[in-house]
């Protein structure tokens, strides 16, 4: 019996060793008409210390997005996205905005705005290896949704428009998707292989993201992949923060990701991500904001997110 078990252990070990040396071709494979559903749950906490006073901002997302394959061409695919459920909680400076886009709330203008985003189609063109060529139609949806703020004072309208664009605009969406979806190498890889890409940092901050992945294990249906994103801002470029404050940012950090990939489509069935970023904003002189000299503002950002993508048809 012991000899039999020993032989079985040897067979399994040899099989796993052989599998580790085999090459696997990972890429996005779609057929027109396929439908997927993406569930997002994430929480982001930002801590800023202004004149020795700490300010805490939290953003919670609980969204469901449908993804339909609407066109397949050699080397690229057009995916049509629609928000099916959109829950967003924003808390900053003693102001709390909770939005469930499916529920009418006349007291919260942002809710009326995001309600106009639900079920509206916009497209993403993605290459077979995962590089995103473009995002179309999303800004037009947000422009239409901004009509919900028309009865507000002008400064309030602008504040709501900026909040909506910062959280859900084209740059923010593409930046989020680029850090969620894996960009696969163009050649076959084997267990232990590492590869990398880089993309611009989008959605408010200016800089770059260096993306690293490694293939941990795989079988006929799935692959386990670990990912690390190195994020670094361009400390020279000026950006606009909340309250129309001009600033530069010297911030860096890391996102750690764990993926279970569906080899049939190339999409992650499950992805868990944790991000830690820290550094400084430098607020520029602004008499209207009572900033009499350049002001260094320490900042820390912590984000925890989980995603599930399942095929619906």
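The values are calculated or read from the model by the stated rules, or taken from the named source; none is laboratory data. Keep in mind that this is a model prediction, so the values were computed, not measured. Using ideal geometry, Cβ is built from the backbone for each residue, glycine included, and neighbour counts are taken over all protein chains shown.
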Wholly within region 112-226, strands (runs of 3 or more DSSP E) carrying at least 1 residues that are over 25 Å from residue 79 (Cα atoms) and at pLDDT 95 or above: 194-201, 207-218
Looking at 256, 150, 252 in this structure, which one is over 25 Å from residue 295 (Cα atoms) and touching a strand residue (DSSP E or B) at 6+ places or on another chain (Cβ under 8 Å)? 256
If you scan region 218-238, which residues turn out to be without any contact (Cβ under 8 Å) to a residue 60 or more places away in the chain, closer than 23 Å to residue 275 by Cα and in contact with a strand residue (DSSP E or B) (Cβ under 6 Å, 6 or more places away or on another chain)? 224, 225, 226, 227, 228, 229, 230, 231, 232, 233, 234, 235
What's the total number of residues in region 95-111 that are touching a helix residue (DSSP H, G or I) at 6+ places or on another chain (Cβ under 9 Å), without any contact (Cβ under 8 Å) to a residue 24 or more places away in the chain and either under 30 Å from residue 187 (Cα atoms) or outside any strand (DSSP E or B) (or both)? 7
Answer yes or no as to whether residue 265 is under 20 Å from the mean Cα position of the chain (by Cα), part of a loop (DSSP other than H, G, I, E, B) and surrounded by 15 or more Cβ atoms within 10 Å (Cβ to Cβ). yes
Are any residues in region 180-202 closer than 23 Å to residue 251 by Cα and surrounded by fewer than 19 Cβ atoms within 10 Å (Cβ to Cβ), and if so, which ones? 196, 197, 198, 199, 200
Restricting region 38-94 to residues that are in contact (Cβ under 8 Å) with a residue 40 or more places away in the chain and out of contact with any strand residue (DSSP E or B) (no Cβ under 7 Å at 6 or more places or on another chain), which is surrounded by the fewest Cβ atoms within 10 Å (Cβ to Cβ)? 51
Scan of region 239-265 for residues that are in contact with a helix residue (DSSP H, G or I) (Cβ under 9 Å, 6 or more places away or on another chain) and under 30 Å from residue 225 (Cβ atoms), ordered by number: 255, 257
Among residues belonging to region 281-302 that are part of a strand (DSSP E or B) and loosely packed, with under 15 Cβ neighbours inside 10 Å, point out the one that is modelled with the lowest pLDDT. 296
